Each structure stands twice: as C-alpha cells, then as structure tokens.
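Undergrad: Before I ask anything, here is the structure I am working with.
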Amino acid sequence: MFTATDVKNLREKTGCGMMDCKKALTEADGDMEKALEFLREKGLATAAKKSGRIAAEGIVDAYVDGNVGVLVEVNAETDFVAKNDEFRTFVTGVAKEIANSNPANVEELLDKPFEGGQSVRDALTEKIAKIGENMNIRRFERYEGIVETYIHGGGRIGVMVKFDTTPEAAATEDFKTLAKDVAMQIAAIFPQYIAPEDVPAEVVEKEKEILTAQAINEGKPAN
C-alpha cells in the first residue's frame, strides 16, 4: 500500500509524471526503492534528469479543425530529433489536444489527457526517455473563427491569421488564395502591426531615430 504523499515524494525525487509514479509504486507494492528502480528501468527517471538540458531546436506545427486553428511550438535539443517522425507525430497530437480542450497556458495543457489515457506531461516524459533528448512545449496560440495557417521551412516558421469575413466569402477560391498569400507574406517579412494607425507613437519615433542615425553614418543629410 502507498499514499498520495508517497506519490508526491517519488515525483519530487525523480521528476516523473504522477501516473508513472503511481504505476511504479503499484508495481513495487509501495516500496520506494523498488519504485525508483522500476522508473530507472523504464528510462523515465533518466528522462526527468534530461529536463535541465537546453532544448533550442524544434518545430512549429499548425492544426485546423473547422473554425478552430492552432499553432504550437515544441522544442528538442537537436535539429535531428526535430525531423524525427515520432517527434512530429507527438507535436501534431499536442496541437489536436489544444484545439479540443482549449487550455489557458502550457502548464494547464500539460495536465490535459493525451493518447492512451495518460496526460500530455506524461506523454512528453515518455518521449524524452525514448528519444533521449530533452523536449518541451514552449508556446501555442489557438484561434476560433476563419483562420489560415502556413508552415515554412519544415516547421522553422509558423503563421496563423484570423480573418474577419463571412463563411460564404471564406469558401471562395479567391479568398483561399488571398488568405494563403497573406500568411506567406507574414512569414517572409514578419510585420509587427496590421495597419499604420496600429503602430504606437513611441515606436514610430524610435524608428525615425534609427533611420536618421543610419543616414548620418552613410554620409547623407540628417533631414
């Protein structure tokens, strides 16, 4: 037998997910040392140790289901793993869960259900153990309405645009072409604002200062 405190203590010692700790203690009949050994044999305790390593690579994935669109970034340690089919399948699964459950943030997402009855957190831990690199879900956006997505460079850049139009207009080929072009343009030039009137005055002034300094450095008149 074991208690919730035992699960908590095992989780703190290993960094493993709650369900994994419960399973380990069940297999070990409540024996903490045997449970630790069980997690090590499964590679889950090792996966938890990898969580401190920097995950600077990764991909952005898009998922659209009806009027719900999701853009999610999941990181790994190397570009090699970011191209791994299993990693990419996991990222797509995460995007689908975001679309379905609408979590408020990444921490809330990690506690949402995933395939096989486990949580997203536990599924992520298993992937770290199996693939051998630290991974983390960095950020996501979820829109409801008429959206268009575009992924560039195999997941290096992702764009999602929400349009204010009618379903009838959105169904036309002309709109679909326009929407895709807008998303591609955003990926190409990375604009910070939609219209000139959206730009804060302090940003305008700062850009003027930069352009003036550039002109002076190039030997051009400041005015």
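The values are calculated or read from the model by the stated rules, or taken from the named source; none is laboratory data. Given the structure is predicted, the values throughout are model-derived calculations rather than measurements. Cβ: placed from backbone, ideal geometry, glycine included. Neighbour counts: every protein chain shown. Accessible surface is based on the protein model in full, side chains and every heavy atom, while ligands, DNA and RNA are left aside. Shrake-Rupley method; radii C 1.70, N 1.55, O 1.52, S 1.80 Å.
Undergrad: Looking at Asn100, Asn105, Asn136, which is the one that is polar (S, T, N, Q) and touching a residue at least 60 places away in the same chain (Cβ under 8 Å)?
TA: Unique residue meeting the criteria: Asn136.
Undergrad: Of all residues in segment 99-126, which are open to solvent by 30 Å² or more (accessible area, probe 1.4 Å), part of a helix (DSSP H, G or I) and either farther than 24 Å from Thr149 by Cβ or at pLDDT 85 or above (or both)?
TA: Of everything in segment 99-126, those that are open to solvent by 30 Å² or more (accessible area, probe 1.4 Å), part of a helix (DSSP H, G or I) and either farther than 24 Å from Thr149 by Cβ or at pLDDT 85 or above (or both) turn out to be Asn100, Ser101, Val106, Glu107, Glu108, Gly116, Gly117, Arg121, Glu126.
Undergrad: Out of (1) modelled with pLDDT under 95; (2) farther than 20 Å from Ile98 by Cβ; (3) open to solvent by less than 40 Å² (accessible area, probe 1.4 Å), the odd one out for Phe175 is which?
TA: (1)
Undergrad: Test Leu44 against the criterion of being modelled with pLDDT under 85 and buried (at least 21 other Cβ atoms within 10 Å of the Cβ), and give yes or no.
TA: yes
Undergrad: Also: Of the residues Ala28, Ala55, only one is among the aliphatic types (A, V, I, L, M), surrounded by 15 or more Cβ atoms within 10 Å (Cβ to Cβ), modelled with pLDDT under 90 and under 13 Å from the mean Cα position of the chain (by Cα); which?
TA: Working: Ala28 fails: under 13 Å from the mean Cα position of the chain (by Cα).
None of the other options fit; the residue is Ala55.
Undergrad: So, one more: Could you tell me whether segment 152-169 includes any residue that is open to solvent by 80 Å² or more (accessible area, probe 1.4 Å), over 29 Å from Asn100 (Cβ atoms) and not aliphatic (A, V, I, L, M)?
TA: Taking every residue of segment 152-169 in turn, none turns out to be open to solvent by 80 Å² or more (accessible area, probe 1.4 Å), over 29 Å from Asn100 (Cβ atoms) and not aliphatic (A, V, I, L, M).
Undergrad: Shifting gears a bit: Six or more apart or on different chains, Cβ under 7 Å: which pairs go from a residue in segment 151-172 that's touching a residue at least 60 places away in the same chain (Cβ under 8 Å) to one that's part of a loop (DSSP other than H, G, I, E, B) and not β-branched (Val, Ile, Thr)? Could you list them?
TA: Once the first residue is touching a residue at least 60 places away in the same chain (Cβ under 8 Å) and sits in segment 151-172, its partners that are part of a loop (DSSP other than H, G, I, E, B) and not β-branched (Val, Ile, Thr) give Lys162/Gly145.
Undergrad: Would segment 199-218 turn up any residue that is among the small types (Gly, Ala, Ser), surrounded by 11 or more Cβ atoms within 10 Å (Cβ to Cβ), out of contact with any helix residue (DSSP H, G or I) (no Cβ under 6 Å at 6 or more places or on another chain) and assigned to a helix (DSSP H, G or I)?
TA: Step one: filter segment 199-218 for residues among the small types (Gly, Ala, Ser), giving 201, 213, 215.
Imposing the further condition that a residue be surrounded by 11 or more Cβ atoms within 10 Å (Cβ to Cβ) reduces the set to 213, 215.
Still in the running and out of contact with any helix residue (DSSP H, G or I) (no Cβ under 6 Å at 6 or more places or on another chain): 213, 215.
Then drop every residue that is not assigned to a helix (DSSP H, G or I), which leaves 213, 215.
Yes, because at least one residue in segment 199-218 is among the small types (Gly, Ala, Ser), surrounded by 11 or more Cβ atoms within 10 Å (Cβ to Cβ), out of contact with any helix residue (DSSP H, G or I) (no Cβ under 6 Å at 6 or more places or on another chain) and assigned to a helix (DSSP H, G or I).
Undergrad: Going by the structure shown, is Thr149 more than 20 Å from the chain's Cα centre (by Cα) and under 30 Å from Ser101 (Cα atoms)?
TA: Criteria not met by Thr149.
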